[in-house]
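Values in this text are rule-based calculations from the coordinates and carry no lab data. Model, not experiment: these values are computed from the prediction. Here the Cβ is made from the backbone with ideal geometry for all residues, glycine too, and neighbour counts use every protein chain on show.
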Amino acid sequence: MWRDSKILQPLARELLAWINARLKRALPGYCAFCRVAVADGLPWCVDCYVEMPWNHSACRLCAEPLPAATLGSLASLRCGRCLRRPPAQSAARVPLRYEGRMIRLIQRYKFSADARAGEVLIQLMLASLAQGAGLGDALIGVPGHQERTREQGFDHTAWLTRRLAANWKLPVISAERLRETPSQRGLDRISRRRNVRRAFLLAEPLPATVMIVDDVMTTGATLESLAIACRKAGAEHVTAVAFARTPSTRI
Ligand SMILES: [Zn+2]
Ligand SMILES: [Zn+2]
């Protein structure tokens, strides 16, 4: 039996230690950024929360971070690019900038499938998009690449979309990827847009107001391509949602 086996006992202890270590990493109890103990159940301390690279002064249409000097009325803030050519989405809500500790956190989530990093990102998003449920009647995630999902072990955008939808009690509608597009990494803005043009399809009619979801919004080309597909499927108001926005100086 399990209890009597001299071989299995150390194995069972090892397994238990491994499970405990995984749980400790996955559950809150200390700040994910500076490791200080936190008592209120949140995965960050107050100091680290305040110091996050928040994307408050950003274009309302594409979430491009804007210098604080351009701040007029926050609600009507537009970047020069969106003033010249409004994007297909009606709004963008991206609470953080892809900088510093956000880059490390997102990379831990995307490339190491770190459950705690994913949990911290979700909690940050829910905390900063308190009225998220009011932004649409359904969520549509950017469909993953089959090959890249297989390599990374999971579809991180699908996971994010499902978690947000569950919290906001909204349905998820699947978009189809019509073709496997090459990686956007290293491409400039125009090449990125060309790369994802007509890449997505919504097979069913959509409600009038929807949210589209990606993890990081770099130039916004992928989300805009999905927004165009949503409009073709009947959506009149499309809000793009992501964890973090890359400042254009980094592209
Ligand atoms: Zn901290
Ligand atoms: Zn803009």
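So here's what we get for this one:
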| quantity | calculated |
| --- | --- |
| Counting DSSP beta bridges with both ends in the stretch 55-250, the antiparallel % (nearest 5) | 15 percent |
| Prolate/oblate/rounded label for the stretch 55-250 (Cα gyration tensor, a/c 1.5) | rounded |
| Burial ordering of GLU176, GLU204, fewest other beta-carbon atoms within 10 Å first | GLU204, GLU176 |
| Per-pair calculated FRET efficiency, R0 = 41 Å: ALA37 and ARG194 via Cβ, rounded to 0.05 | 0.25 |
| Length added when fully stretched, ILE103-SER248, from 0.36 nm per residue minus Cα-Cα | 50.7 nm |
| Between the stretch 83-143 and the stretch 41-60, the alpha-carbon center distance in angstrom | 13 Å |
| Other-chain or far-sequence residues with amide H under 5 Å of ALA58's (modelled H) | LEU66 |
| Distance between modelled label sites at SER112 and GLU176, nm, 7 Å Cα→Cβ extension | 3.9 nm |
